[in-house]
Amino acid sequence: MSLADLSLGFRNAYLDHARLTAQLQAWAEAFPSLCRVTSIARTPEGRDVWLATLGPDPERLRPAVWVGGNIHAAELAGSSVALAIAEDVLRLHAEPGALELPASLAERLREVVFFVVPRISPDGAECVLRVGRPLRSVPRDQRVERGTPRWIPGDIDGDGQARAMRIRDAGGELVESREFPGLLVERTIDDDGPFYKLYPEGHIEHFDGKRVPSPYFLGDNPIDLNRNFPWTWAPGHEQIGAGPYAASEPEARGIVEFATAHPEIFAWLDLHTFGGVAIRPLGNGPDAKMDSEDLAVFRQLEAWMTEYTGYPTVSGYDEFLYEPDKPLRGDLSDYAYHQRGAIGYVVELWDLFKRLGMPRPPKFVQYYDRVSRADLVKLAWWDRDENDGRAFPPWRPFDHPQLGAVEIGGIDPRVGIWNPPLHELDAVCTSQTRAFLRVAALAPRLRIADVRREVLPGGLTQVELEIVNDGYLGSYGLASARRLDFNEPVYATAQPEGCELVDPGAAHQTLGHLDGWGRGLHSGANLPAYPGTRGTTHAGWASYLVRGTGALDVRIGSCRAGFVTARITV
Ligand SMILES: [Zn+2]
C-alpha cells in the first residue's frame, strides 16, 4: 500500500486521538522495519502519548532528531505537521524519488533516526476538538485550594460546545463592529454602544450572585506543560503555568525521561501555533551571550526557514518575551538546547498576521498586541470568504442560570485563528517538512574510512583504523554541547578473537571529538582572502599491535554520534 493510501487525512483535517492513533498504527503495520510506535506517557484521562521511531534498524545507535507538536491543547496544526514529517521520512525509504530531494541529502536523511511525538497533550487536544473550550495545555486542576470564584468554561446551552458568551453592559470594554455585525471589537471613546462584556461559555464556581470574576486562560487548568520542564524551572509565583514541580506532569516527565535516555538527539523541533515565525535560542540573553558557532548554525536554519516557509526567525530573548526582561522558565525548547545540547527551536505555525497585511512590528511578539479594529474586521471578512465562517459564528440568545440574558456563540478560534484553515494545512505541512529535513540532514556521521595492516617481525601486526565524521555537525552536535557532561568523546573498543593485543589496555582508546564540515552561515569561510580550511580535524585513528592471527571486532563512536563497527581479519 502506498503512503497516500494509508493517510487518514491529517494534511487536510485535525485528527482526534483515535484517528491519530490509527494513523500511527497503520504506518507501523505497513512498514514494520521502518516505523515503531511506543508510548512515552499515559495521561490521567487514560490516553497514550505516542512516539513514533522512524528509520531502519532503530536499535542501532546513531544521530537522531526530535519532532514534537501540540503541547498546547489548541495548537492542533503541530500534530499535522509532525505527522507530515513522519510520513515524508517513511516516503524517503519506501517511495524514494517522491520527495524531490537531492540524492545526497536523501541518502544522508536515511541514516538519521526520527523521534516524532505528534501530540504531546492528547487530553488537551481532545477537549479542544470535542468541546472547543479555551484551554492552555491539559484539562485538569490538582490544586488543593480552589475556593476563589472563577470561571469554569464548558457547554451551558446543551449543544455540546463551549464558545464565547457576551453580556450587554454599559461598562463593557467591547462594542459591535459596524462593518461586520456580530464582531466584537475594542471600544473607543467615540463609540455609542451597545457595549459588551465577554466571557467564556460556562459557569462561575463560588459565585456570590453579584461579582463576576475575570476569566483567566489558566483559570481552571493551571498547568502550561511548556513551563514544566527542568531547565530553569521556577514555581508558579515566578512563572505562571509552571506546575507544582519540574516534570510533575506525566506528559513532561515522559519527554524528559526519553530525552535523558537518548543523548543522540541533536536537533529538536517544537511545533506550536500561531504567528508564522521560528523562535530560536537564546531565550534568556542577547546573541552576544550565545556561543558564536551555535549562532552560525542557527543562521543557516534561518536561511532555510525563509527559503522554504517564508517565516522569519527570531531570538526568543530579542523578540519573543511576553514581559520585557523576563525570560520564560521551564520551557521545552530551552531544555532541549541548554540541557540536551540540541538545535532546539520553536515554530509558530500559521502566519495569520502576514495574511492580514499587518506591518512587522519592532519585536515579533508585539504582533499579538497590535491587531487593530481594522485588522479584526479584515479577519472576519476573510473568515467568511475563505474559512466558511468557522471563526466567527453567529450569537444566539440564552437565559444563563447565573447571569440571566446572555448571548452564546460569536467566536470559535480553533480553525482560522489558533490553526490554519483546512485548505491551507497541506501547504503548511509541505513547507515545514522541507525546512526541517535540511536540519535533520546536519547529523554527524561516523564512517570507518581506512584500515591498514602492517605485518611486523615476530608474528606481530600493526593495525591502523581511520575513522572520519563526514557529517555537517561535529561528533558533539552543536558546539556548545561539548560542555555537557554526557557528551563523551569518540572512543574505540576492540575485542580480539584468536589473536591478542600486545597491550591489553589498548582495547579501549579515546579518539576525541571529530569536527564536521559545516560551519553555519556567515562564518567568513566563503571569502578567499586567506585561503585555507581546517586540517583533518574530522578524522581520528585507532591503532592496535596484534600478536597472532584471527580477527579484531572494533566498535567506534559515542553516545551522541552513534557507533560504527568492523571485523578486521589479522
Ligand atoms: Zn504554543
Mean projected area (nm²) of the alpha-carbon convex hull when segment 361-480 is viewed from all directions: 16.7 nm²
Whole-Å semi-axes of the ellipsoid equivalent to the chain (Cα gyration tensor, √5λ, descending): 52, 23, 22
For the chain: relative contact order, % (alpha-carbon pairs under 8 angstrom, 6 or more apart): 14 percent
Potential extension, K210-A525 segment - 0.36 nm per residue separation minus Cα distance: 106.5 nm
Cα centroid of segment 35-94 to Cα centroid of segment 504-570, whole Å: 31 Å
Crossing angle, helix 250-260 versus the chain [Cα axis fit, 0-90 degrees, rounded to tens]: 20 degrees
Point-to-point label distance, T306-T569, nm (Cα→Cβ direction, 7 Å offset): 5.6 nm
Residues in segment 219-241 that a label on R146 would reach, taking backbone N under 14 Å of a point 7 Å out along Cα→Cβ: 219-224
Relative contact order (%) - segment 13-100, alpha-carbon pairs under 8 angstrom, separation at least six: 23 percent
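Taking every DSSP beta bridge with both residues inside the chain, roughly what % is antiparallel (nearest 5)?
Given both bridge residues lie in the chain, the antiparallel proportion sits at roughly 80 percent.
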Rounded, prolate or oblate (a/c below 1.5 giving rounded, otherwise prolate when a/b exceeds b/c) for segment 175-320 by Cα gyration tensor: oblate
Estimated distance in nm for a label pair at E95 and L129, the labels positioned 7 Å out from Cα along Cα-to-Cβ: 2.3 nm
Share, in percent, of DSSP beta bridges within segment 1-138 that are antiparallel, nearest 5: 65 percent
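What share of the DSSP beta bridges in segment 325-463 is antiparallel, in percent to the nearest 5?
90 percent
From the Cα trace of segment 189-250, what convex hull volume per residue do you get, rounded to a whole Å³? Let's see the in-between values first.
Numbers: hull volume 10.7 nm³, N = 62.
Each residue corresponds to 172 Å³ of Cα convex hull volume.
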Note, ³J(HN,Hα) from phi for segment 477-491, Karplus 6.51, -1.76, 1.60, rounded to Hz, x at Gly and Pro: x, 5, 4, 5, 6, 4, 7, 6, 5, 6, 7, 5, x, 5, 9
Residues T430 and D190, FRET efficiency given R0 of 51 Å [Cβ-Cβ distance, rounded to 0.05]: 0.65
Estimated vicinal HN-Hα couplings, Hz - segment 138-149 in sequence order (Karplus 6.51, -1.76, 1.60; Gly, Pro = x): 10, x, 8, 8, 9, 5, 6, 9, 8, x, 6, x
For segment 220-235 versus segment 298-369, the gap between their alpha-carbon centres in whole angstrom: 19 Å
Listed peptides 83-91, 17-25 by packing density, highest first (mean Cβ within 10 Å): 83-91, 17-25
Structure-based [θ]222 nm, the chain - -39500 (n - 2.57) summed over DSSP H runs of at least 4, per residue, nearest 500: -6000 deg cm²/dmol
Cα gyration tensor category, rounded, prolate or oblate, for segment 300-355 with a/c compared to 1.5: oblate
Alpha carbon centroid spacing (whole Å) that separates segment 406-420 from segment 152-178: 11 Å
Under-28-angstrom lysine pairs by C-alpha in the chain, whenever the two are 8 or more apart or on separate chains: 9
D503 paired with F217, simple spin-label distance in nm, labels 7 Å along Cα-to-beta-carbon: 6.1 nm
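In nm, what is the difference between 0.36 nm times the number of residues separating S543 and D399 and their Cα-Cα distance?
Additional length available on full extension: 43.4 nm.
From the gyration tensor of the Cα coordinates in segment 427-479, what semi-axes in whole Å does the equivalent ellipsoid have, largest first, with each one equal to sqrt(5λ)?
43, 10, 5
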Over segment 475-535, equivalent-ellipsoid semi-axes from the Cα gyration tensor in Å: 36, 16, 8
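For L460 and M1 in the same chain, what is the full-extension length gain: residue separation times 0.36 nm, less their Cα-Cα distance, in nm?
159.7 nm
Taken together, the values in this text are just the output of simple stated rules run on the coordinates, not laboratory data. What you see is a predicted model, and the numbers here were worked out from it, not measured in a lab. Heads up, the Cβs are rebuilt from the backbone with ideal geometry, glycines too, and the neighbour counts pull from every protein chain shown.
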